[in-house]
Structure formats: structure tokens, C-alpha cells
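The values are calculated or read from the model by the stated rules, or taken from the named source; none is laboratory data. Since we're looking at a predicted model, the values are computed, not measured. In this analysis, Cβ positions are derived from the backbone assuming ideal geometry, glycine residues included, and neighbour counts consider all displayed protein chains.
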Amino acid sequence: MTNNTGILPFNGHRVQGRSSEPFLDTNEILDQLDIKGNENFMDAGCGDGHVAIEALKRLSKGKVYALDIYEPSVEDLNNLKEKENIKNLIPIKSDIADKIDLDDNTLDIILMVNVFHGFKATNHLDEAISELKRVTKVGGKIAIMDYKKQDTKHGPPYVVRSSPEEIEGFFKKHQLNKVLLNNEIGEDIPEGKSHFLIVFEK
Ligand SMILES: C[S@@+](CC[C@H](N)C(=O)[O-])C[C@H]1O[C@@H](n2cnc3c(N)ncnc32)[C@H](O)[C@@H]1O
């Protein structure tokens, strides 16, 4: 089974976007998040779930929620959970821009890798941010990793990309303040680094 770019994820799970596993270093991303090991962590827009699966190694006393809107991705993660008896992996099918199937104030850390630009493309920024905020605990963090706003060979079109400053503005409207910005992360491309990672606190 291939995804819509024809690239097969390493773990064989079905995806409707492009898995970042071949071109982003998951541990470089997780290293930014100051994970203690007992948190409720969510990989939001998890796709093949490779970030959630790596995060499980750091969260032996916590829970890892892996959420996607695409049913087959969630099904594959449920099959993995059952096969490997991974009690603290919780796959969820939800639309972030509509209703996340979780109670208010549940999560300590939410990470979204290569997902946020989709909400700009569909004009659902406020709905998505409000839902992410609702399920985050007070003092919890929402981390967005996405493509820098530059014209590059790979990645989403320039018009749907946002700069970290623009994202900061979107989150400020929801009373969420920036606590970290890493402007030099991701893949080495001719333009420099491919991504940024920005973190907000509730
Ligand atoms: C480009 S893929 C990235 C997948 C993964 N985060 C990675 O880095 O490999 C985008 C993912 O976001 C999911 N997605 C898009 N819109 C969503 C929404 N509104 N709610 C939940 N998931 C969504 C897609 O189904 C897809 O799996």
C-alpha cells in the first residue's frame, strides 16, 4: 500500500499524506520537547505513527495518543497496539478542526509534524487551534513543526506555509503564548534548514 505520493512508509502503515520519516530526524524533534516520561503526549496528525512509536520509548510512565482523521492509519496503529500489547498507546480517529475525541485538559504535550499548513489551506486555523487548546492541560504545551515559509522543491505550496511570526499571531488570538522557537531544524536543503519548530503554552 502506498500513500498518495507513491512513497511507502517504512512501517508499512497506511497514510494519506507523506510520512516525514525518510527526511526528518524524529529524535531531533522529540529532543526539543523536554519530555520527562510520565506525560500524556499526542502525535496529532500522526499518519503512519512513526513519531508516536518513537515517543513511546521516552514515555514508559506516560500515555501516547496517536490521532489522525484517516481511518486506515488509526486502524493500523490499533493493530500494532494489539499485536505488541502496547497498553499506553492510544490511537484516536478525529478531525482536529472539528472535535477531538478527548476530554478538556487531558494532554501535557501535543506535537504536530507537517500538519499545521493544512489548516491554513482549508481555512480552519481558528477551529483547529481552539480544539488543540481545549484538550491541553493548563501549563501544557502545543508544538508545531512545519516547513519554513520559502519556495522549495519539496513540501506544500508557498501560499499555505506560515512563518513562525504568523503562527504566533494565530495562537495569540487564543491566549496561547510562545515559549520556544527553533528556526533551524529538519532537513538540510539548498536553502538551509527545511523546518522550524514553535512551542506554545496554555
Ligand atoms: C503530511 S502528513 C504528516 C504525517 C506525520 N505527522 C508525519 O510527519 O509523518 C499529514 C497528516 O495529517 C492528517 N490530517 C490532516 N488533516 C487532519 C485533521 N483535520 N485532523 C486530523 N488529522 C489530520 C493526515 O491524515 C495526515 O496523516
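Scanning region 123-139 for residues that are in a strand (DSSP E or B) and surrounded by 22 or more Cβ atoms within 10 Å (Cβ to Cβ) yields a single hit, Thr136.
A Cβ distance below 7 Å, combined with a sequence gap of six or more or placement on separate chains, defines the contacts here; from region 9-31, residues that are in contact (Cβ under 8 Å) with a residue 40 or more places away in the chain and surrounded by fewer than 14 Cβ atoms within 10 Å (Cβ to Cβ) reach residues that are outside any helix (DSSP H, G or I) and of a type in the set (Ser, Thr, Tyr) in the pairs Gln16/Tyr70.
Going by the structure shown, is Asn78 modelled with pLDDT of 95 or more, more than 14 Å from the ligand (Cβ to nearest atom) and not hydrophobic (A, V, I, L, M, F, W, C)? Considered against the rule, which asks whether it is modelled with pLDDT of 95 or more, more than 14 Å from the ligand (Cβ to nearest atom) and not hydrophobic (A, V, I, L, M, F, W, C), Asn78 comes out as yes. Quick one: in region 169-202, which of the residues that are among the charged types (D, E, K, R) and more than 18 Å from Arg134 (Cα to Cα) is surrounded by the fewest Cβ atoms within 10 Å (Cβ to Cβ)? The extreme case among them is Asp188. Restricting attention to region 18-28, the residues being hydrophobic (A, V, I, L, M, F, W, C) and more than 9 Å from the ligand (Cβ to nearest atom) number 1.
Listed residues Gly45, Gly62; which is closer than 23 Å to Pro156 by Cα and either modelled with pLDDT under 95 or not hydrophobic (A, V, I, L, M, F, W, C) (or both)?
On the way: Gly62 fails: closer than 23 Å to Pro156 by Cα.
None of the others qualify; the one that does is Gly45.
Just one residue in the set Asp108, Asp101 is buried (at least 16 other Cβ atoms within 10 Å of the Cβ) and within 27 Å of Asn38 (Cβ to Cβ); that residue is Asp108.
Which residue is farthest from the chain's Cα centre (by Cα), if the candidates are limited to region 92-115 and must be under 19 Å from Ser20 (Cα atoms) and more than 8 Å from the ligand (Cβ to nearest atom)? So that I can check it myself, show each step before the final result.
Filtering region 92-115 down to residues under 19 Å from Ser20 (Cα atoms) leaves 110-115.
So of that shortlist, the ones also more than 8 Å from the ligand (Cβ to nearest atom) come out as 110-111.
On the way: Ile110: 7, Leu111: 4 Å.
Selected residue: Ile110.
Cβ-Cβ contacts under 7 Å between residues 6 or more apart (or on different chains), taken from a first residue in region 39-58 that is over 16 Å from Pro9 (Cβ atoms) to a second residue that is within 8 Å of the ligand (Cβ to nearest atom) and in a loop (DSSP other than H, G, I, E, B), are listed as Ala44/Ile96; Ala44/Val115. Assess whether Ala66 counts as being within 10 Å of the ligand (Cβ to nearest atom), touching an Asp or Glu at 6+ places or on another chain (Cβ under 7 Å) and closer than 10 Å to Ile92 by Cα. Yes, satisfied.
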